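Working notes, beginning with the structure itself.
The values are calculated or read from the model by the stated rules, or taken from the named source; none is laboratory data. Everything numeric in this text was worked out from a predicted model, so none of it was measured. Using ideal geometry, Cβ is built from the backbone for each residue, glycine included, and neighbour counts are taken over all protein chains shown.
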Amino acid sequence: MTSDVGSKRPYLLRAMHEWMSDNGLTPHIVVDVNFPHADLPSEHVTDERIILNVSYQATQDLTLGNDQIDFEARFSGRPRRISVPMDNVLGIYARETGQGMIFTDDEPGGETPPDGDGDDKPRLRVVK
């Protein structure tokens, strides 16, 4: 494996978004608002995070890119252009069920660091 492996986050986010959309669920993303040039509706920020409805019904021109998420949506009746760096997306979940995925920091090479117990074998975790 090469050290130039990119982040899995955009691929996992797109897969979860597609699964939710195909199943009639409403995808929401949780975003850390602490990044430069953030133009997010501050009245909806809680604990330095904002939850955004990224369903096709709630957005226009939704693009789930490798580096960022772009769309237009209405906040308090006014249209706003939203651009969120992918690194600041903390997770995605379905509003109706709460099912989704929380993202951890991507390590260089796309591998998760060992958990410090001396056993460096990869582990799978159940995500609810």
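Take GLY24 and tell me if it is in a loop (DSSP other than H, G, I, E, B), of a type outside the set (Lys, Arg) and either modelled with pLDDT of 95 or more or closer than 16 Å to ASP105 by Cα (or both). Considered against the rule, which asks whether it is in a loop (DSSP other than H, G, I, E, B), of a type outside the set (Lys, Arg) and either modelled with pLDDT of 95 or more or closer than 16 Å to ASP105 by Cα (or both), GLY24 comes out as yes.
For region 57-83, the tally of residues that are surrounded by fewer than 12 Cβ atoms within 10 Å (Cβ to Cβ) and among the hydroxyl-bearing types (Ser, Thr, Tyr) stands at 2. Inspection of region 47-61 identifies no residue that is touching a Lys or Arg at 6+ places or on another chain (Cβ under 6 Å) and without any contact (Cβ under 8 Å) to a residue 24 or more places away in the chain.
Each row is one residue, and each column tells you yes or no for (1) out of contact with any Phe, Trp or Tyr (no Cβ under 7 Å at 6 or more places or on another chain); (2) at pLDDT below 90.
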{"position": "HIS37", "(1), (2)": "yes, yes"}
{"position": "ILE51", "(1), (2)": "yes, no"}
{"position": "PRO79", "(1), (2)": "yes, no"}
{"position": "ILE82", "(1), (2)": "no, no"}
{"position": "LEU90", "(1), (2)": "no, no"}
{"position": "ARG95", "(1), (2)": "yes, no"}
{"position": "PRO108", "(1), (2)": "yes, yes"}
{"position": "GLY118", "(1), (2)": "yes, yes"}
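Looking at LEU40, LEU52 in this structure, which one is in contact with a strand residue (DSSP E or B) (Cβ under 6 Å, 6 or more places away or on another chain), in a loop (DSSP other than H, G, I, E, B) and not aromatic (Phe, Trp, Tyr)?
Numbers: LEU52 fails: in a loop (DSSP other than H, G, I, E, B).
Being in contact with a strand residue (DSSP E or B) (Cβ under 6 Å, 6 or more places away or on another chain), in a loop (DSSP other than H, G, I, E, B) and not aromatic (Phe, Trp, Tyr) holds for just one of LEU40, LEU52, which is LEU40.
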